[in-house]
Amino acid sequence: MSDTTTDQRAQVPGAAGDQTLTVTDNRTGQTFELPIVDGTVRAMDFRQMKVSEDDFGLMSYDPAFTNTASCRSAITFIDGDRGILEYRGYPIEQLAEQSTYVEVAYLLVHGELPTQQQLDDWTHEITVHTFVHESVKSFMQGFRHDAHPMGMLCGSVGALSTFYPDANDIADPDNRHAQTVRLIAKMPTLAAFAYRHTQGQPYVYPDNDLAYPGNFLSMMYKMTELKYEPDPRLERALDILFILHADHEQNCSTNAVRAVGSSQVDPYSAVAAGVAALYGPLHGGANEAVLRMLTRIGEKANVPSFIEGVKAGNEKLMGFGHRVYKNYDPRAKIIKASAYDVFEVTGVNPLLEIALELEKIALEDDYFVSRKLYPNVDFYSGLIYEALGLPVSMFPVMFAIPRTSGWIAQWLEMVQDKEQKIARPRQIYTGDRTRDYVAMSER
Ligand code: CMC
């Protein structure tokens, strides 16, 4: 046992003033003073806390990283208690009202809003990269007729790395820029091809006369007409949905992109990992669950009994609650307003009445109020997608298209961050040790 006292603290370099944490290791009696920077202590500072010379040192245990910052990031800010979401410091409400998705993608990637010239150049670059190699089309045609579009998207975006082998050169800024543009430009094309495949319809090539959301609608819905003319209200609603889904800091899929990208693989492979993560029902699939729930409730009169079931713990009110937001998800507010614009074109989705009633009752009920359960981004987005005629399997795909700009912005930040290394968490080993192999006849 060491007899180190608080007067003989083991100082970690940088620990000074009141921005420190004093830790006493009761196993040894040793006291350590660790610096607190940005409200954070470094997990590696605990490694010096040992019970013996050959002890590995103290680690932190944080399954699911619920209280561990894995990076420094200047892209997206969230204050979950106050319901604040900002991209590069700009409030999501202002961006949704005044910006476009293409401009937001520029903002996320470059850190600043573009000048008119920069926006024109960026828009042009994205527009002229919307086409995919014909072999990508043949590749996608090889999927089964009933393939899930998210699986097709995951496979085809990963396959793009084989079409751009130079993308491996991630140390070259021009090269990174080329892949950034390609990814943002081609994602809607892959997504629309996947959708048309599930419908057994011919793939529609991009129309470079149209803006980003209008071109996507054209690739999705164009049939025999010579030129598809998107309804401006639908185009705008889609653009807003794209803005709202563009980034959300270190969520599951972004963490996947960063972790896979940290091996210095090309960005197509890293983004494929992001799509794979988003495919899961706990991440990109909640809006589908909302739609199924509303359909099951069936009519407004059934809402009170459904709520009683939720309160009794029989099931969850899907589209409510969030790990980070303990207030109204700011994106849900904007989507709700946008839904009405879409319904003006498509007719009101009959499930809206049930959703509104659920929200009204839940926001007044002590069960939900005391647990700070508010509508999240998925509560209304499924209603819009359904009104656009999309099957539920396309919902996560609609999420992946705009999230690509966030993934790539996070990837760019990560590859240029000198503090980052290959992601490699530790474990607490709980298995057996050093056992002699047992011959088959003796087992
Ligand atoms: N309906 C009913 N009760 C709920 C709900 C809900 N939707 N969400 C949380 N609770 C209760 C939960 O049972 C717990 O109650 P108690 O304290 O009595 O045990 C309390 O609220 C705290 O919940 P939690 O499970 O500790 O919260 P969490 O942060 O682990 O979970 C969540 C967050 C989003 C997984 C959860 O709220 C949930 O499952 N919601 C429904 C699914 C959903 O809408 N998911 C989409 C999230 S937004 C997607 C995105 O941003 O990418």
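The values are calculated or read from the model by the stated rules, or taken from the named source; none is laboratory data. The model shown is predicted, which means the values in this text are computed figures rather than measured ones. Note that each Cβ is placed from the backbone with ideal geometry, even for glycine, and that neighbours are counted across all protein chains shown.
Quick check on my filter: what residues within segment 51-82 are part of a helix (DSSP H, G or I) and within 18 Å of GLN420 (Cα to Cα)?
Answer for segment 51-82, where residues must be part of a helix (DSSP H, G or I) and within 18 Å of GLN420 (Cα to Cα): just PHE65.
Just a yes or no: is a residue in segment 188-206 under 15 Å from SER269 (Cβ atoms) and surrounded by 18 or more Cβ atoms within 10 Å (Cβ to Cβ)?
Looking through segment 188-206, at least one residue is under 15 Å from SER269 (Cβ atoms) and surrounded by 18 or more Cβ atoms within 10 Å (Cβ to Cβ).
Mind counting the residues in segment 206-222 that are in a helix (DSSP H, G or I) and of a type outside the set (Phe, Trp, Tyr)? Before you say what the answer is, go through the steps one by one.
As a first pass, look at segment 206-222 and keep what is in a helix (DSSP H, G or I): 212-221.
Filter once more, keeping what is of a type outside the set (Phe, Trp, Tyr): 213-215, 217-220.
Adding up the residues that qualify gives 7.
Among the candidates LEU85, LEU113, LEU108, single out the residue that is assigned to a strand (DSSP E or B), surrounded by 15 or more Cβ atoms within 10 Å (Cβ to Cβ) and in the same structural domain as ASN376 (by TED's automatic domain parsing).
LEU85
On the given criteria, is TYR328 surrounded by fewer than 20 Cβ atoms within 10 Å (Cβ to Cβ), touching a Gly at 6+ places or on another chain (Cβ under 7 Å) and more than 27 Å from HIS148 (Cβ to Cβ)? Step through it out loud before you land on a result.
Details: surrounded by fewer than 20 Cβ atoms within 10 Å (Cβ to Cβ): yes; touching a Gly at 6+ places or on another chain (Cβ under 7 Å): yes; more than 27 Å from HIS148 (Cβ to Cβ): yes.
Judged against the criteria, TYR328 is a match.
Would a scan of segment 282-291 turn up a residue that is among the acidic types (Asp, Glu), within 15 Å of the ligand (Cβ to nearest atom) and either within 27 Å of ASP172 (Cα to Cα) or assigned by TED's automatic domain parsing to the domain that holds ASN168 (or both)?
Yes, some residue in segment 282-291 is among the acidic types (Asp, Glu), within 15 Å of the ligand (Cβ to nearest atom) and either within 27 Å of ASP172 (Cα to Cα) or assigned by TED's automatic domain parsing to the domain that holds ASN168 (or both).
Matching residues to (1) away from the ligand (no atom under 13 Å from the Cβ); (2) outside the structural domain of PHE395 (by TED's automatic domain parsing); (3) in contact (Cβ under 8 Å) with a residue 60 or more places away in the chain:
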site	(1), (2), (3)
GLU229	yes, no, no
ASP239	yes, no, yes
GLU249	no, no, yes
ASP266	yes, no, yes
ALA277	no, no, no
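Scan segment 314-325 for residues that are part of a loop (DSSP other than H, G, I, E, B) and of a type outside the set (Gly, Ala, Ser) and jot them down.
ASN314, GLU315, LYS316, LEU317, MET318, HIS322, ARG323, VAL324, TYR325
Looking at (1) touching a residue at least 12 places away in the same chain (Cβ under 8 Å); (2) farther than 21 Å from ARG292 by Cα; (3) within 12 Å of the ligand (Cβ to nearest atom), which one does VAL369 not meet, given that it meets all the others?
If we test VAL369 against (1) touching a residue at least 12 places away in the same chain (Cβ under 8 Å); (2) farther than 21 Å from ARG292 by Cα; (3) within 12 Å of the ligand (Cβ to nearest atom), just (1) comes out false.
Sort out which residues of segment 292-321 are within 10 Å of the ligand (Cβ to nearest atom), touching a Leu at 6+ places or on another chain (Cβ under 6 Å) and either of a type in the set (A, V, I, L, M) or in contact (Cβ under 8 Å) with a residue 60 or more places away in the chain (or both), and write them in order of number.
Answer for segment 292-321, where residues must be within 10 Å of the ligand (Cβ to nearest atom), touching a Leu at 6+ places or on another chain (Cβ under 6 Å) and either of a type in the set (A, V, I, L, M) or in contact (Cβ under 8 Å) with a residue 60 or more places away in the chain (or both): just VAL310.
Assuming ILE335 fulfils every condition listed in (1) within 8 Å of the ligand (Cβ to nearest atom); (2) aliphatic (A, V, I, L, M); (3) touching a Phe, Trp or Tyr at 6+ places or on another chain (Cβ under 6 Å) apart from one, which condition is it?
If we test ILE335 against (1) within 8 Å of the ligand (Cβ to nearest atom); (2) aliphatic (A, V, I, L, M); (3) touching a Phe, Trp or Tyr at 6+ places or on another chain (Cβ under 6 Å), just (1) comes out false.
Mind telling me which of the residues TYR380, TYR328, TYR340 ends up being within 15 Å of the ligand (Cβ to nearest atom) and assigned to a helix (DSSP H, G or I)?
TYR380
Residue check: is ALA171 surrounded by fewer than 16 Cβ atoms within 10 Å (Cβ to Cβ) and over 28 Å from VAL392 (Cα atoms)?
For ALA171, the condition - surrounded by fewer than 16 Cβ atoms within 10 Å (Cβ to Cβ) and over 28 Å from VAL392 (Cα atoms) - is met.
Name every residue in segment 289-310 that is under 29 Å from the mean Cα position of the chain (by Cα) and either surrounded by fewer than 13 Cβ atoms within 10 Å (Cβ to Cβ) or within 22 Å of MET394 (Cα to Cα) (or both), in order of residue number.
ALA289, VAL290, LEU291, ARG292, MET293, LEU294, THR295, ARG296
From the list PHE139, PHE131, PHE163, which residue is at pLDDT below 95 and farther than 21 Å from PRO391 by Cα?
Working: PHE131 fails: at pLDDT below 95; PHE163 fails: at pLDDT below 95.
Residue meeting the stated conditions: PHE139.
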